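Peer 1: Would you mind keeping the following structure in view while I ask a few things?
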Amino acid sequence: MNTQAAVMTETLPFTLPNIRGRYAFGFDLSKATWFKVGGAAEVLFKPKDAEDLVTFIKNKDPMMPVTMLGAGSNVLVRDGGIKGVVVKLGSGFSEIIFHGTEVIVGGACLDRTFVLACAEKGLSGVVFLVGVPGTIGGAVAMNAGAYGGEVKNFIKWVEIIGTDGALTRLQAADLSMKYRKGNLPKGAIIVRASFILQNGAPEAIHARINAYLQQREDTQPVRGRTGGSTFKNPTDMAAWKLIDQAGCRGLMIGDAQVSEKHCNFLLNLDAAKAADLEQLGEHVWQAVKEKCGVELEWEIIRLGE
Ligand SMILES: Cc1cc2nc3c(=O)[nH]c(=O)nc-3n(C[C@H](O)[C@H](O)[C@H](O)COP(=O)(O)OP(=O)(O)OC[C@H]3O[C@@H](n4cnc5c(N)ncnc54)[C@H](O)[C@@H]3O)c2cc1C
């Protein structure tokens, strides 16, 4: 009997399955997101491996909400926190397996780790991911992209655990991933993905890696507390240009700021609340609508209460 689960039944409106991984109760999510804001997760669950996660999903209370979190680099967790269980994959989901130009990688592996490991093997294709500070799970879920590259162009298959707890392999052709949209079944958890890459000279790949990292350093507040691009680019338009035209560059609410360096990025300068950041984003949205006649779409995923 998992003693943690027994304790939980007394303090929460749901029971928790017995698992081999770890539960953390009242976990402060500002420690797990790039913005460094947000309330607590009622429960944070770190599964040991895919089998453990299957056990959890199959045996959980059907009324208990489950939210998936990667590296927290594209989410804004609200100040009231997240009800139910937040799942975060750990080291049991980080393996990288090479089969020639096919590379199978775990959902918790960081994009940068993946790109560098591929570069060492002389494999290119996903080099554009090097400066994206998320996990492979997040990259597939968001169809991450940069410098003209997109995850969807390199995916062969994705292994998911569905809301019924079934571990399924979905072929890329069945996903129809779109701009910043993985298009996975609702509630699916990505545990592994297979990429088809191209052979290349390691020195040339490393030169591209360095160039991309430098370009980011020059144009984005990469060392700030941010969530990356706040809004998706509308077709044939750059969101940052619209935000600039609407006069929002540098705008502040409390300690939340529209970045001076890249105005599609919001920043927590120090002690911003999630509410300040969200209010600032909504203000930008309204200003762009009024001044440019464009209704932007949030790219940042807002979670919680
Ligand atoms: C400085 C900076 C620069 C960035 N630059 C780029 C860029 O160039 N291009 C770009 O596309 N993005 C960029 N981003 C945004 C972000 O890094 C990407 O969207 C990234 O892919 C998100 O991965 P994550 O692991 O952090 O996911 P999170 O932010 O934790 O989650 C994002 C979404 O993915 C879901 N998710 C995460 N893991 C899984 C999983 N295993 N299974 C199912 N769903 C999952 C979450 O539920 C959530 O809906 C940037 C962010 C920052 C802070």
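Peer 1: Return the sequence-ordered ³J(HN,Hα) values of the range 295-301 in whole Hz as given by the Karplus equation 6.51 cos²θ - 1.76 cosθ + 1.60 applied to θ = phi - 60°, using x for Gly and Pro.
Peer 2: Running phi through 6.51 cos²θ - 1.76 cosθ + 1.60 with θ = phi - 60° gives 9, 5, 10, 4, 8, 4, 8 Hz.
Peer 1: I need the Debye-formula profile for the range 142-233: one equal scatterer per C-alpha, no solvent, reported as log10 I(q)/I(0) at q = 0.17 1/Å, two decimals.
Peer 2: After summing over all Cα pairs, the log10 values are -0.93.
Peer 1: What are the residues whose amide H is under 5 Å from the amide H of residue 135, where those residues sit 5 or more places off or on another chain and H is modelled from the backbone?
Peer 2: 71, 111
Peer 1: If you filter the range 245-305 for trypsin sites (Lys or Arg not before Pro), then keep DSSP loop positions with at most 16 other Cβ within 10 Å, what is left? Write down the numbers at each step before the final one.
Peer 2: Details: sites: 249, 261, 273, 289, 291, 302; in loops: 249, 261, 273.
Answer in residue order: 261.
Peer 1: How much of residue 179 can a 1.4 Å solvent probe reach, expressed as accessible area in Å² and rounded to 10?
Peer 2: 90 Å²
Peer 1: If one computes the Cα centroid of the range 30-91 and of the range 121-156, what distance in Å separates the two points?
Peer 2: First find each Cα centre; the distance between them is then 23 Å.
Peer 1: Near the amide H of residue 247, under 5 Å away, which other amide H atoms are found, from residues 5 or more places off or on another chain, if H is placed in the peptide plane?
Peer 2: Residues meeting the amide H criterion: none.
Peer 1: Could I get the Rg over Rh figure for the chain? Both from C-alpha atoms, Rh via Kirkwood, rounded to two places.
Peer 2: Values: Rg = 19.8 Å, Rh = 20.3 Å.
That ratio equals 0.98.
Peer 1: Still on this structure, I have one more. Counting pairwise Cα distances across the range 223-299, what percent come out greater than 20 angstrom? Write down the numbers at each step before the final one.
Peer 2: Numbers: 572 of 2926 pairs.
For the range 223-299, the share of Cα pairs beyond 20 Å comes to 20 percent.
Peer 1: Taking the alpha carbon gyration tensor of the range 78-173, what are the square roots of 5 times its eigenvalues, largest first, to the nearest whole Å? Write down the numbers at each step before the final one.
Peer 2: Working: eigenvalues 115, 56, 36 Å².
Equivalent ellipsoid of the range 78-173: 24, 17, 13 Å, largest first.
Peer 1: Mind pulling the per residue volume of the convex hull built on the Cα atoms of the range 3-88? Å³ is fine.
Peer 2: Working: hull volume 7.4 nm³, N = 86.
For the range 3-88, the hull spanned by Cα atoms encloses 86 Å³ per residue.
Peer 1: Just 98, 265, 114 to compare: in a GNM of the chain, with alpha carbon springs under 10 Å, which one fluctuates most?
Peer 2: Evaluated over the chain, the most mobile residue of the options is 98.
The values are calculated or read from the model by the stated rules, or taken from the named source; none is laboratory data. Remember, predicted model here, so these are calculated numbers, not experimental data. Neighbour counts are summed over all protein chains in view; Cβ atoms, including those assigned to glycine, are modelled from backbone coordinates with ideal geometry. Just the protein is used for accessible areas: all its heavy atoms, side chains included, with ligands, DNA and RNA removed. Shrake-Rupley method; radii C 1.70, N 1.55, O 1.52, S 1.80 Å.
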